[in-house]
Structure formats: C-alpha cells, structure tokens
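First the structure, in the form of structure tokens, and then the observations on it.
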Amino acid sequence: MHLLGLYIHIPFCKRKCNYCDFLSVNADEDVKKAYVEALVQEISNWKDKYRYGNREYSVKTIYIGGGTPSVLIPCCIQNILGAVEDEFNLDLNAMPDIEVTVEVNPGTVDKDKLKIYREAGINRLSIGLQSVNDNELKLLGRIHGFDDFLRTYEAARQCGFDNINADVMTAIPGQTMSSLKHTLDVVCALKPEHISAYSLILEEGTPFYEKYPDKECLFSEDEEREMYWYTVSFLKEHGYNRYEISNFSRKGFESRHNTSYWRRTEYIGFGAGASSFINGIRYKNTSDIGKYTDYPVSDKYFDEYIRLDEQDMIEEFMLLGLRMSEGVSEYEFMEQFGIELSRMYGEEIGKLLEEGLISKEAGKIYLTDKGIDYGNYVFSRFLK
C-alpha cells in the first residue's frame, strides 16, 4: 500500500493580511460555489489527471488549507469531504486513524459551523492566532482580536475537538520580548495540543514588503535568534517538544500531515495553486482561479511539472529530513537510494561535524542548535 496525503486549497479570505503572499482573494458566493464544484470534479477525476495508474494507496492525512477555508458555508466543506470519501472509499467518522485538519480564522466560525465540521469527519483544527496582543494583530492586518480567538477556541473544545493547533508569529514589527512572552504565556495556559511558531518573512508583493524594504530595520539576526530560542525554551518548559524547526507539540500530537511532507510521502494537492508529489513528479495547479474553475481536471494547466531525477530526490531527502529534530537516517538513505550516506556526503558531513553544525548519533544526523541558526548554510552543503 502506498501512503497518500491529500491537500485541498481554499483560496478565499475576508481580507488579505499585510504579510500574506499565499494564493487568496475575496470573492462572492457564486465564485465560491463554482470553485467548490470544480474541486469536487478534480477529486473525482484525480487518477486520470495525474496518471496514477492502478497502484493501491492508503490515505492517512487530509488537510484543508488556504486562504481561509472557514469562510465557506458549511455545506461546501461537507461536499468536498463527501467527494473525498466517495473517491477514496473512506468513512471519515468510522476511521479515527485518519488525521483530517481544517484551517480556521477567528471571526469566521461559530459553534454551529464547528459542529458540522465534526460531523463531516474533521478531527483537527489549526487556528490562525499569531498574537494575543490586539495592537500586533491590527498591525498584521488580521480581521480578529484576541477575544475572537478565545471564543473560537472555547467553542472548538465544546464541540469535542481535542487536537488543536495555534499559530504564533515572532518578529512582528514593534514586538518586544515582553509582548512575545505574554503571547506564549496566554497560549500555553490554554493548552492547545500543537503550536506552530514562525518568524515573520517579508514576502515580495505584500504590503509589509513595501513598508519594510529592509527587515534589518525591524530586527537584527541576533534579535530574531533570541526570540526563536526564547520561544523554544519557553515551550519546552511547558511540555511542548520541538519536532521540527518551527513546530511544537505535546507527545503524540505532531502534525502527521506536515510530517508526511518532510518524509517525502506522496500527496495530491487539489485546488488552484495546489502542489502534488506523485510518481516522482512535482505538479502545481494553475494559480489562475478562473482557469482552474473552468478546467479543474485538465492536465494542460499546470504552473509546474517537474520530473525529479535521483539527485533531486537525494537533495530533498537531506533538506527536508534535516528540518526535523530526529534528523536524517543513514539506514533510510541506504534503503531509498542504494548508496551509503557517508559515500555520498562524507566530506560535507565531516566538515559540518567539525564546525559543530550537525551531530551524529545512533545512525542519524541532525542539526545542532548552532546548525539551526545557520540552517541555510548547512542545507547548501547538500546541494550539488
């Protein structure tokens, strides 16, 4: 059985945040309805579109992301998951071992909508918080305040969600160590099962990129590192294990879907701009929402179609594996590529060990704390 992850992209938001470069737009209900119909068509015809053949597969994770999926009316999510169940022969309510996540933003869900999510088989929520400080949320362009998040979080618990992620952002303009500590204090007191903690990135084409052309004017590299390591230390003290550079969880609540990406499990991405990795090929659907809606099952409208060679796969194995705290397994490298890791990268590994950027233990190679600080340099050493 080939493991398979499913990603479903909903490119709609009430309003785009000041830092966001994801594919997302505001749209009327007719556009959203037509898009969901296109999604159902793509899901129902995925084998033809991706020439998957007759291999057997086992879906273990489903992730509905965006954008803001929770801006859709509840029946749209039901229809999408219904199509998934039909096509992949699943009964999500009877299969609790399948992780089904939906991203939601405070102010776009209520208790009734969350109940419908549970009834549709969704068992994990990822809530976009970023900060508990309303002045920081306003600066980021979020549509909600902290009270809105709190109401959403409490409603989710009341509806039976026992696997919740909260997003937290560091290096927000004007953020101080004191305001970051306050955010972490409040979030940890709520005891979500998972916390994603990301540093703000100034992406080209966003309002923040225009406003802050040089990120050094906001925070120096040393200041960003201080925020990162403070976050790591604080979360560890409160029972959250860092299993990937930016992701923390209580034991047993690691994001299985994201972990499957880092372990290079095959996945299909449905929707405009969604990426897939299958049969050694990386696809990316057209980012033109109108074109996608008109031709959801056509294999002629890919923004990317890349057939990976063995060197591509080896480099991905190293770069994605090193993001995880457990690191890269020499045994798994040999099993996948038929060559010893030391023969392929012996010189690079030796140099990085000398520099204190990686460690080697029990047949695994992983980043040291110093290696995380200089991650881009480490990763570059494994690119031929």
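The values are calculated or read from the model by the stated rules, or taken from the named source; none is laboratory data. Keep in mind it's a predicted model, so treat the numbers as computed, not measured. Using ideal geometry, Cβ is built from the backbone for each residue, glycine included, and neighbour counts are taken over all protein chains shown. Protein only, heavy atoms only, side chains kept; ligands, DNA and RNA dropped before computing areas. Shrake-Rupley method; radii C 1.70, N 1.55, O 1.52, S 1.80 Å.
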Quick one: what pairs do we get from segment 1-21, first residue among the acidic types (Asp, Glu), second part of a loop (DSSP other than H, G, I, E, B), C-beta under 7 Å, 6+ apart or different chains? Asp21/Glu203; Asp21/Gly205; Asp21/Thr206
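Working carefully through the options Arg381, Arg282, find the one that is open to solvent by 40 Å² or more (accessible area, probe 1.4 Å), in contact (Cβ under 8 Å) with a residue 12 or more places away in the chain and touching a helix residue (DSSP H, G or I) at 6+ places or on another chain (Cβ under 6 Å).
Details: Arg282 fails: touching a helix residue (DSSP H, G or I) at 6+ places or on another chain (Cβ under 6 Å).
None of the others qualify; the one that does is Arg381.
Looking only at segment 326-334, decide whether some residue is touching a residue at least 40 places away in the same chain (Cβ under 8 Å), within 25 Å of Leu357 (Cα to Cα) and surrounded by fewer than 19 Cβ atoms within 10 Å (Cβ to Cβ). It would help to see each step written out before you state the result.
Going through segment 326-334, the residues touching a residue at least 40 places away in the same chain (Cβ under 8 Å) turn out to be 326-327.
Checking the rest, the ones that are also within 25 Å of Leu357 (Cα to Cα) come to 326-327.
Checking which are surrounded by fewer than 19 Cβ atoms within 10 Å (Cβ to Cβ) leaves us with 326.
Taking every residue of segment 326-334 in turn, at least one turns out to be touching a residue at least 40 places away in the same chain (Cβ under 8 Å), within 25 Å of Leu357 (Cα to Cα) and surrounded by fewer than 19 Cβ atoms within 10 Å (Cβ to Cβ).
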All conditions in (1) modelled with pLDDT of 95 or more; (2) surrounded by fewer than 22 Cβ atoms within 10 Å (Cβ to Cβ) are true of Pro173 except (1)
If you take the residues of segment 242-279 that are free of Cβ contacts under 8 Å to residues at least 60 places away in the same chain and over 16 Å from the mean Cα position of the chain (by Cα), which of them is most open to solvent (accessible area, probe 1.4 Å)? Lys251
Hits in segment 303-323 - residues which are among the aromatic types (Phe, Trp, Tyr) and surrounded by fewer than 16 Cβ atoms within 10 Å (Cβ to Cβ): Tyr305
Counted residues, segment 101-124 - those being open to solvent by less than 10 Å² (accessible area, probe 1.4 Å) and either closer than 17 Å to Phe146 by Cα or not in a strand (DSSP E or B) (or both): 6
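Please work out if Ile314 is farther than 30 Å from Lys191 by Cα, assigned to a strand (DSSP E or B), of a type in the set (A, V, I, L, M, F, W, C) and more than 20 Å from the chain's Cα centre (by Cα).
Numbers: farther than 30 Å from Lys191 by Cα: yes; assigned to a strand (DSSP E or B): no; of a type in the set (A, V, I, L, M, F, W, C): yes; more than 20 Å from the chain's Cα centre (by Cα): yes.
When the stated conditions are applied, Ile314 does not pass them.
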Selected residue (criterion: most open to solvent (accessible area, probe 1.4 Å)) from residues of segment 140-159 that are more than 27 Å from Leu218 (Cβ to Cβ) and of a type in the set (Lys, Arg): Arg151
Take Tyr228 and tell me if it is surrounded by 14 or more Cβ atoms within 10 Å (Cβ to Cβ) and within 26 Å of Ile98 (Cβ to Cβ). no
Scan segment 1-57 for residues that are open to solvent by 80 Å² or more (accessible area, probe 1.4 Å) and either closer than 22 Å to Gly280 by Cβ or part of a strand (DSSP E or B) (or both) and jot them down. Met1, Leu3, Asp48, Arg51, Asn54, Glu56
May I ask you to say which residue of Tyr198, Tyr209 is without any contact (Cβ under 8 Å) to a residue 40 or more places away in the chain, closer than 22 Å to Cys17 by Cα and surrounded by fewer than 18 Cβ atoms within 10 Å (Cβ to Cβ)? Tyr209
Filtering segment 288-303 down to residues that are among the aromatic types (Phe, Trp, Tyr) and not in a loop (DSSP other than H, G, I, E, B), which residue is farthest from His9 (Cα to Cα)? Phe302
Would you check if there is a residue in segment 165-187 being in contact (Cβ under 8 Å) with a residue 60 or more places away in the chain and assigned to a loop (DSSP other than H, G, I, E, B)? no
